[in-house]
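Colleague: Below are the structure tokens for one structure; questions will follow.
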Amino acid sequence: RGNKGLKEAGKRLNKGGTKIDCSNVDELSDMQIKILLSPIKNLKYSSDVSQFFKISSASDNLLEQISNYLLSLADNQQQKKNSKFPLIVGIGFFSAFAILSFGWLGWKYFQFSSGLRVKTTHLTIGILTDTKDYKPLEEYLESILIPEDFSKFLKGDKIKVIIDGDRKIKYQEARSRIVNKEWDIAFTLSPMNSVAAKDNGYLYIARMFPSQPSFYQSALFVSNKNSNIKSLKDIKPTTTIALGEITSASSFFMPAYDLYGKTLTIKKGNRGSDIIKMVKNGDAEIGAGAFGDTIKNDTAEIRIISISRNIPGASVYLSPRLLEQDRNSISKALTEAPQDIQKKANYVIEEEPDYSSFLGIARRVEEILQCSDFDKNPVNFFCPEPSISNTSTKTVLSKITFTGKVNGYQNSSRDFIWLNVETPEGKIYRVVITPTLLNQIPNAGSPLNIKNKKIELNNVIPQQIEGNILEIVINDASQLKVL
């Protein structure tokens, strides 16, 4: 319609009893909006815009124009008040005035302006515990985080929060989801997963286990009824020990560090509760696990023979996939969440634990176990120091892509790992990679995880060094893939 038709439509709206269907109208000019809405006298006061417009039929552009026009009305009214009264009002008074001035839309704008806006449409919370504990956090985030676009907010669009994971998920799978940036908010549960998050650019936000200290210990324990083992000195190659997953700090890495120099018969890959049962039932002579309420207080059936040094607790991290604005809004939402929600989700806003010392221990464990075969008992918890070849003379060959099997590894230093890779044709390569870069590769992490597994090397350049050794230096995570 022309301007005359718009003015007539505005007059009909002013009389009430009708609504405008905005279908097939993307936008109007500012002048057309003014001509259409200015005849509606009650629009300046406590009117509900939905009584004039079919909101669901309006385009994003048109809704934005309507909201801007109404805000200009509120601003003009505010300026009139300022000419009569001292300037003692702030944004709170303006919001209240906006609500009184244009009713429903004013209230929605107040909600929008005071909410935490994000550009993403969905968030994934990664967990390794019960999903029911994170349901309150899911509902809270969906209520406090709102779309960046005001028109989408008016239409009722919400940020979808998804809980991914449960008690059945293994540490290695959780680490892979962190590496692949599948988790926007990662509740790591394990310091090994926390280190993986840090290596992959995640941003620290909170510490887990608020009811416990920021550090804990690992314990080696035996049955208090039928074990003659009193200390680590009594361990023999025939002694059976139950360990957890290779990625577990308390049931694998710390025990392996404390067992340096020993030879034992191992049973690995067990859950913490299963390890305790194995020791009680006599299926294992020694068990390893976190030194907490379960192990510490069960003195009737369990006896501690060794306590590790401190292990930093797990933390909560935000994914680098998120935009900075979204990270800031989510961080604020998590920080200001009600205490009962924080307690249920098992986190507290505190300073990040120091993982540097623990990381050094983890790297050392990788060194001392680099020549141990965990598929063949008994297992040596030690390894000779690797000899470092003179690599001063190198011949660079052509760029290649190939697959091979990791049949061993060495830690040439705290900064580099050597993977021994054999191709199906029998050719041997030494692949050099940093621990941090290895932690950025899905299904890799520790060299222990990829020993005896097939890998693919993409667009790499071998260098022939002294002793006819073919060496490949990995500079980017995309160059190595675990098959």
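The values are calculated or read from the model by the stated rules, or taken from the named source; none is laboratory data. What you are looking at is a predicted structure, and each value in this text was computed from that prediction instead of being measured. All Cβ positions, even for glycine, are placed from backbone atoms using ideal geometry, and neighbour counts span all protein chains on display. Each accessible area value is taken on the protein alone, full model and side chains, heavy atoms only, with ligands, DNA and RNA left out. Shrake-Rupley method; radii C 1.70, N 1.55, O 1.52, S 1.80 Å.
Colleague: Accessible area per residue, 1.4 Å probe, Å², for segment 275-356: what's the number? Intermediate results must be reported in sequence, preceding the final value.
Modeller: Numbers: 4040 Å² over 82 residues.
Using a 1.4 Å probe on heavy atoms only, each residue of segment 275-356 averages 49 Å².
Colleague: Let me ask something else about it. Roughly how many Å² is the accessible area per residue of segment 430-483, as a whole number, for a 1.4 Å probe?
Modeller: So segment 430-483 comes to 39 Å² accessible per residue, rounded to a whole number.
Colleague: Tell me the label-point distance for the pair Ser356, Asn226, using the 7 Å Cα-to-Cβ offset, in nm and rounded to one decimal.
Modeller: 4.9 nm
Colleague: Roll a 1.4 angstrom probe over the protein heavy atoms and tell me the percent of accessible area of segment 416-483 that is carbon or sulfur.
Modeller: On the way: 1350 of 2880 Å².
Of all accessible area on segment 416-483, carbon and sulfur atoms account for 47 percent.
Colleague: Take peptides 185-197, 279-291 and line them up by average Cβ neighbours within 10 Å, highest first, as a rough protection proxy.
Modeller: In decreasing order of mean packing, 185-197, 279-291 become 185-197, 279-291.
Colleague: By what distance, in whole Å, do the Cα atoms of segment 161-224 stretch along each of the three principal axes, largest value first?
Modeller: 45, 24, 23
Colleague: Counting only protein heavy atoms and using a 1.4 Å probe, what share of the accessible area of segment 171-327 belongs to carbon plus sulfur, as a whole percent?
Modeller: 46 percent
Colleague: In what sequence, highest mean first, do 12-25, 321-334, 437-450 appear when ranked by Cβ atoms within 10 angstrom?
Modeller: 437-450, 321-334, 12-25
Colleague: Would you mind pulling out the separation of the Cα centroids of segment 427-477 and segment 202-280, in Å?
Modeller: With segment 427-477 and segment 202-280 each reduced to a Cα centre, they are spaced 30 Å.
Colleague: Working out 0.36 nm times the residue gap between Ile461 and Ser398, then minus their Cα-Cα distance, what length gain in nm do you get to one decimal? Write out the running numbers ahead of the final one.
Modeller: Working: separation 63, 0.36 × 63 = 22.68 nm, distance 0.59 nm.
22.1 nm is the gain from fully extending Ile461 to Ser398.
Colleague: In Å, what Rg and Dmax follow from the Cα atoms of segment 120-249?
Modeller: Both quantities, over Cα of segment 120-249: 20.6, 73 Å.
Colleague: Also, quick follow-up: So which lysines can Lys19 reach, going by Cα to Cα under 28 Å and dropping same-chain residues fewer than 8 places off?
Modeller: Lys19 reaches Lys4, Lys7, Lys11, Lys34, Lys41, Lys44, Lys54, Lys108, Lys152, Lys155, Lys158.
Colleague: Sticking with this one: For Lys160, which sequence-distant residues (separation of 5 or more, or a different chain) have an amide H within less than 5 Å of its own amide H, given hydrogens modelled in the peptide plane?
Modeller: For Lys160, whose amide H was placed from the backbone, the distant partners under 5 Å are His122, Leu123.
Colleague: Shape call for segment 294-366 from the C-alpha gyration tensor, a ≥ b ≥ c root eigenvalues: rounded (a/c under 1.5), prolate (a/b greater than b/c) or oblate?
Modeller: The shape class here is oblate.
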